[in-house]
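Q: One structure coming up, written as structure tokens, with questions to follow.
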Amino acid sequence: MSLEDRLNLKNKVAFITGSTRGIGLAAARALARSGASVILNGAHNKDVLCRCAHEIQQEFGVECIGLLADAADAPAVRACYAGIFQRFGRLDILVNNAGIRRDASLGMASQQMIQEVFGANTLGSIYHLQEASLLMSRERSGSIINISSIAGRTGSEGQSVYAASKAALLGLTYAAAKELAPMNIRVNAIAPGFIRTEMTAALPEGRYAELLTSIKMGRIGEPDDVANAVLFFASDLSAYITGQVLGVDGAMLI
């Protein structure tokens, strides 16, 4: 089988959570470019969601729809998968990307903040993985890609809650990979480093410069750098890979 064939996602259905901007949108575009039908997701803005879906459908000639749902809302997540089954009858790829970042020193992290971060980053990913694996088990195949963070692997000062929520995704990845392997459902994780997104653009100038100097490759990562890793895990190029964590960080962590 040629490289082009292994990257071909025609007749595959992909659901990318948190996909109206940044890494999620770049991942959706990469999968659509390879021929997958794409389901976008956002939590709040239906107009933006519909616009992104329309643009992807027009540019790549694939079916693309948007589903509005907060990842931390279990009934809303369940309804998404009922809609996916009704529309497509299957799901082949889940990119668990939806999440938020809230920075605070450990002693200043409020109960509300902790609940919000774990709700979006950890509980939401578990809800999606549960529902996706049930749908994938019908075909006895699938690829689930959890978007963690370098902070979840090494920790980060002032980000204890965020780092803990992303570290939990690694444990989820390892355990789910073992559980779902007999059904040929692969579960892997990506741990991005310093990536150019709206989140990082809001950093203070001094902190931005500090992080940039820690990257051995000398440049900030782009959403497409992460999207290329998503495509690898979604495609047959990684058909015998599961339970792994791939750092996309330009050598911030070695």
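Q: Checking Ile84 against (1) surrounded by fewer than 24 Cβ atoms within 10 Å (Cβ to Cβ); (2) among the β-branched types (Val, Ile, Thr); (3) not in a helix (DSSP H, G or I), only one condition comes out false. Which one?
A: (3)
Q: Considering each of Gly119, Gly152, Gly124 in turn, give the residue that is without any contact (Cβ under 8 Å) to a residue 40 or more places away in the chain and in a helix (DSSP H, G or I).
A: Just one listed residue meets the conditions, Gly152.
Q: Residue check: is Phe194 in contact with a strand residue (DSSP E or B) (Cβ under 8 Å, 6 or more places away or on another chain) and hydrophobic (A, V, I, L, M, F, W, C)?
A: Criteria met by Phe194.
Q: Follow-up. Please go through segment 44-79 and give me each residue that is in a helix (DSSP H, G or I) and more than 19 Å from Arg21 (Cβ to Cβ), ordered by number.
A: Correct list: Ala74, Pro75, Ala76, Val77, Arg78, Ala79.
Q: Select from segment 181-216 the residues that are out of contact with any Pro (no Cβ under 9 Å at 6 or more places or on another chain), farther than 30 Å from Leu134 by Cβ and not in a helix (DSSP H, G or I) and list them in ascending order.
A: Gly193, Phe194, Ala202, Leu203, Pro204, Ser214, Ile215, Lys216
Q: Hey, another quick one. Would you check which residues across segment 124-151 are surrounded by 16 or more Cβ atoms within 10 Å (Cβ to Cβ), modelled with pLDDT of 95 or more and over 14 Å from the mean Cα position of the chain (by Cα) and list them?
A: Correct list: Glu131, Ser133, Leu135, Met136, Gly142.
The values are calculated or read from the model by the stated rules, or taken from the named source; none is laboratory data. Remember, predicted model here, so these are calculated numbers, not experimental data. Virtual Cβ from ideal backbone geometry, glycine too; neighbours counted across all protein chains shown.
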